[in-house]
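Here's the structure, in structure tokens; my notes come after.
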Amino acid sequence: MIYQVENLTVRVNDNGGKPLVNNVSFSIGSGEIVALVGASGSGKTTTALAGLGLLADGLIVASGRVLFEGDDLLKIPPVQLRRFRGRRIAVVFQEPLYAFDPLFTIGAQIDEVLEVHFGAHAAERKDKALALLKRCGIEEAERVYRSYPHQLSGGLRQRAMIAQALAGEPKLIIADEPTSSIDVTLQAKVLELFQQLRKELNLSILLITHDLGLVRHLADRVVVLRQGEIVEQGRVGHVLTAPRHVYTQQLMAAGG
């Protein structure tokens, strides 16, 4: 397994109250897509970001381990962890308009990733950035490279964010509701892109979503969270065909 979460517990930093994430364990294999599903507030994003030092203010990891290729991310010093992010694990955030820095062009922000992790010259960085944008299905790569985030459509911003995530050549991408802010036609293109990247790069993906339809078409395995605890997990075909837990059944009945 390339990524393992073992008995993870996250709570508010006051040592009291019910944990937001409680004793969660799951794993992701090389080239595998695993989905974390559940309603809003179920702990999906908190679980996914805990190992990267990206928890919201006031939250702490109370116990557990988050292993990536054998390294416990929770024990890596913050300075080293910042270099780890983007290079070995990258994140595709839910709303790229807010995740991108509005003061810099898309090209400048992809260039920064390439410079930090590879130290490439400016011309090399631009060539690489344009190639990444094209790989993500952006035909007008030069225009997107020169554009600011607010100048692009939601679909272009989302694919540009995937290109930025790929710039560090990570082995795992955490995709947080990657299709929630785009229309159905563009959703299909993003799903196709993820499948293509998984096949071509042997990329592992942790998919955070409430959409069981998305899970059915994209993921290999699914982990169902309810109020910070796992209620069910397994192969997508097994869980969604014959869900054992009433909460999973409710999610499916609600349109998942």
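Tabulated values for the structure
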| read-out | value |
| --- | --- |
| Qualifying positions in region 2-42 - of a type in the set (D, E) and over 30 Å from K199 (Cβ atoms) | D14 |
| Test: L20 is closer than 25 Å to D211 by Cα, more than 17 Å from the chain's Cα centre (by Cα), in contact (Cβ under 8 Å) with a residue 24 or more places away in the chain and surrounded by 15 or more Cβ atoms within 10 Å (Cβ to Cβ) | yes |
| Selection from region 176-188 of residues that are in contact with a helix residue (DSSP H, G or I) (Cβ under 7 Å, 6 or more places away or on another chain) and either within 16 Å of L49 (Cα to Cα) or modelled with pLDDT of 80 or more (or both) | D176, P178 |
| Conditions (1) within 22 Å of V92 (Cβ to Cβ); (2) surrounded by fewer than 20 Cβ atoms within 10 Å (Cβ to Cβ): number failed by T9 | (1) |
| Leading residue by the ranking (farthest from the chain's Cα centre (by Cα)) among those in region 179-217 that are outside any helix (DSSP H, G or I) and more than 16 Å from A35 (Cα to Cα) | D183 |
| Some residue of region 99-107 being closer than 30 Å to G154 by Cα, of a type in the set (S, T, Y) and touching a residue at least 12 places away in the same chain (Cβ under 8 Å) | yes |
| Output for region 134-146, where each listed residue is hydrophobic (A, V, I, L, M, F, W, C) and at pLDDT below 95 | C136, I138 |
| Failed condition for G51, given (1) under 19 Å from R88 (Cα atoms); (2) out of contact with any helix residue (DSSP H, G or I) (no Cβ under 8 Å at 6 or more places or on another chain); (3) buried (at least 20 other Cβ atoms within 10 Å of the Cβ) | (2) |
| Residue identified as under 28 Å from V10 (Cα atoms) and modelled with pLDDT of 90 or more among L172, L166 | L172 |
| Within region 1-112, helices (runs of 4 or more DSSP H) holding 3 or more residues that are hydroxyl-bearing (S, T, Y) | 44-49 |
| Tally of residues being over 22 Å from T47 (Cα atoms), surrounded by 12 or more Cβ atoms within 10 Å (Cβ to Cβ) and among the small types (G, A, S) across region 230-249 | 1 |
| Cβ-Cβ under 7 Å pairs, at least 6 apart or on other chains, region 228-256 side more than 24 Å from G29 (Cβ to Cβ), far side assigned to a loop (DSSP other than H, G, I, E, B) and aliphatic (A, V, I, L, M) | G228/L20 |
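Conditions (1) crowded, with 20+ Cβ neighbours inside 10 Å; (2) outside any helix (DSSP H, G or I); (3) not basic (K, R), marked per residue:
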site	(1), (2), (3)
A131	no, no, yes
E142	no, no, yes
Y145	yes, no, yes
R157	yes, no, no
I174	yes, yes, yes
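Each row is one residue, and each column tells you yes or no for (1) at pLDDT 95 or above; (2) touching a Pro at 6+ places or on another chain (Cβ under 7 Å); (3) under 24 Å from Q196 (Cβ atoms); (4) of a type in the set (V, I, T).
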{"position": "L52", "(1), (2), (3), (4)": "no, no, no, no"}
{"position": "Q94", "(1), (2), (3), (4)": "no, no, yes, no"}
{"position": "V113", "(1), (2), (3), (4)": "no, no, yes, yes"}
{"position": "F118", "(1), (2), (3), (4)": "no, no, yes, no"}
{"position": "A129", "(1), (2), (3), (4)": "yes, no, yes, no"}
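The values are calculated or read from the model by the stated rules, or taken from the named source; none is laboratory data. Since the model is a prediction, treat every value here as computed from it, not as a measurement. Cβ sites come from the backbone with ideal geometry, for glycine too, and all protein chains shown count toward neighbours.
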